[in-house]
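Following: one structure in structure tokens, then a few remarks.
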Amino acid sequence: MAASNHGPGVFCVDMNSDRIAGIWLGKRGGGRLGELPLAENAIQDGRVFERGQVTATLRQLMKELQVPRGAPTAIHLPAAFAEIHTLDPATFGVADTAAIPDALRFELGHRLSLDPGEEIYDSQPVGDVLLVVSAHREVVEERLWVIQDLELDAVLVDVDALGVFNCMDWSQGSSGVVVQIGSEFLTSLVVRDGVPAAFLSATGASVAGICRRAANETATLIPSIKALAAGESVKRDDGPAPELDPWLRVWAQQIASEVSIAKQLLVGPESAAGREEVELRFAGVPLRAPRLAAAIEEELGLPFAAVDPISPAGLVGKLSTDGAALRGLARRVELAQ
């Protein structure tokens, strides 16, 4: 599937286990973004189990964002259910374009030794390489069914790695590690000379992961942790804010452990210049939560830059989490038009 410039605009949608987020990009610039909570267990482990509930929630979000029927729609896939491959276009006889001919999809899938049930759904040229996205068929098809129920036109399937990459400026061909702390996954994207080189995903250091650990201690901490992740002030109406420092330390340790793996992939564990060469970019959470940012910096032993994701111009609305991947998807679609 490839981005299209037909129609009144483009609707970018992300279906998570706890919410559906979307960005509507108007044809003449500007747009709206927002999200709605999703019924529990409607989506589990990336699979759509309650299609009716998911469809109804997305229909309500479309109404709030004023998305017209039949709008071209770009679908974001969670990191755990898709994979990114780096190819030489010439080797596979593919032109330096985002569109892979249907006739080559099967051949590419065979050469890439994809698992049974995986197919190629998206590609994007970056410099001299072609990034190809494969995903589990059922994860994509179940989202496509929801899109079709609402008479939307699916034009693009994207994945966390491309979304996070596209939400930031790599025009200088720089190298670094981009870290996104999402509601379900912590994703680390290694970028070398302006091209994605590796993509790691972990659940323990995500918002949901740390909340699961907090649930074993006290459920009262969970709203505070979610508020912290959203960059909101942590307080209680009936008393002082709960003690979050131990959990901040646990969170920072988990994040630092995952990021260290990505750092080694970029410069090598024995690189004497590793500290100076690594550029860490955090999207979202640390930007709005300075206490967490300081704890991560202390655990890693080197500074990082908290980067506010680039967004298409003129967006109105709010997302509870950083939404870096969704914003990157929207920016990619906008630039393709």
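So the values come out like this:
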item: Three-way shape label, region 143-226, alpha-carbon gyration tensor, a/c 1.5; result: oblate
item: Amide H contacts of Asp158 (H built 1.01 Å from N, under 5 Å, at least 5 apart or other chain); result: Ile75, His76, Leu77
item: Asp88-Thr218 FRET efficiency (beta carbon distance; Förster radius 51 Å; 0.05 resolution); result: 0.45
item: Length added when fully stretched, Leu104-Leu302, from 0.36 nm per residue minus Cα-Cα; result: 66.8 nm
item: Karplus-derived 3J(HN,Hα), 6.51/-1.76/1.60, for each residue of region 31-38, Hz, glycine and proline x; result: x, 9, 9, x, 7, 9, x, 10
item: Among 62-72, 181-191, the order from most to least packed when residues are scored by Cβ within 10 Å on average; result: 181-191, 62-72
item: In order through region 323-328: 3J(HN,Hα) via Karplus (6.51 cos²θ - 1.76 cosθ + 1.60), integer Hz, x for Gly, Pro; result: x, 4, 5, 5, 5, x
item: Residues with amide H under 5 Å from that of Thr203, placed H, sequence gap 5 or more; result: Leu186
item: Amide proton proximity set for Arg19, modelled H, under 5 Å, gap of 5+; result: Leu38
item: Separation of the Leu335 and Ala294 label points, Cα + 7 Å toward Cβ, nm; result: 3.6 nm
item: Sorted largest first, extent of region 99-159 alpha carbons per principal axis (Å); result: 37, 28, 21
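Rule-based calculations on the coordinates, nothing more; no lab input. From a predicted model like this one, the values you see are computed outputs, not experimental measurements. No Cβ is skipped: glycine too gets one built from the backbone with ideal geometry, and neighbour counts run over all protein chains shown.
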